[in-house]
Amino acid sequence: MTSREKILSNVKANKPIAESELPIVPDYTQALTREESLALFTQNLVDNKAVLYTFSSDEELSSLIVSQWPDHQHIHAPMLPYLHNSPGTVAANSQLDIAVVKGRLGVANNGAIWVKDEDLEHRSIPFLTKYLVILLDANDIVYNLHEAYMRLSSEDFDYGVWISGPSKTGDIEQALVIGAHGPLEMMVGLKG
């Protein structure tokens, strides 16, 4: 008997006799009010070193962005017509000062925001810019990742990423460095 035949024989001999039932996944959802979800989401954004602003119009948000970072030169914000946009080439992305992208879903218990590929001109934009602004509708905040993945399970996408604050890293001495390999600051513009 060859070693291949021995291996296959052992696999067949140790195969489960009957199919086992899949475990029952507990319901991890939480019944939070909209205000409770927003409060938890806000607290986790602050803990993640991001800033949250609520706005009612694109013009108001554009003014807020310009006042927050007045020395900007290169900006990518195709959904905000009140801001002057730089050319959208990959090479230009490395020079971005401010990028404004759309968030699809926010998670209250960790402050993460789902950004989908179809909302990005280039996938590198949220990682190469100095200042990142993510726009999110207040109605698109769920309690946890279990609820988020239930909502995302029906969607079709090639790429998506969870973003929960500006770039951070910590070394052995436990010194936190903000903006080590990504945005120096992150603002979430919450509408609704």
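Values for this structure:
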| read-out | value |
| --- | --- |
| Residue check, Ser9 in a helix (DSSP H, G or I) and either more than 27 Å from Lys191 (Cβ to Cβ) or out of contact with any helix residue (DSSP H, G or I) (no Cβ under 8 Å at 6 or more places or on another chain) (or both) | yes |
| Filter result (in a loop (DSSP other than H, G, I, E, B) and either under 23 Å from Leu40 (Cβ atoms) or at pLDDT 95 or above (or both)) within region 107-122 | Ala108, Asn109, Asn110, Gly111, Ala112 |
| Filter pass, Tyr143 being touching a residue at least 60 places away in the same chain (Cβ under 8 Å) and over 12 Å from the mean Cα position of the chain (by Cα) | yes |
| Residues (farther than 14 Å from Asn139 by Cβ and without any contact (Cβ under 8 Å) to a residue 60 or more places away in the chain) located in region 20-35 | Ser20, Glu21, Leu22, Pro23, Ile24, Val25, Pro26, Asp27, Ala31 |
| Residues being modelled with pLDDT under 85, open to solvent by 60 Å² or more (accessible area, probe 1.4 Å) and of a type outside the set (Phe, Trp, Tyr) - total across region 56-104 | 13 |
| Number of positions in region 123-147 that are open to solvent by 10 Å² or more (accessible area, probe 1.4 Å), touching a helix residue (DSSP H, G or I) at 6+ places or on another chain (Cβ under 9 Å), assigned to a helix (DSSP H, G or I) and farther than 15 Å from Glu185 by Cβ | 2 |
| Residue in region 123-138 that is farthest from the chain's Cα centre (by Cα), counting only those that are touching a residue at least 60 places away in the same chain (Cβ under 8 Å) and closer than 20 Å to Leu40 by Cα | Ala138 |
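The values are calculated or read from the model by the stated rules, or taken from the named source; none is laboratory data. What you see is a predicted model, and the numbers here were worked out from it, not measured in a lab. Virtual Cβ from ideal backbone geometry, glycine too; neighbours counted across all protein chains shown. Surface areas here come from the heavy atoms of the whole protein model, side chains and all, with no ligands, DNA or RNA. Shrake-Rupley method; radii C 1.70, N 1.55, O 1.52, S 1.80 Å.
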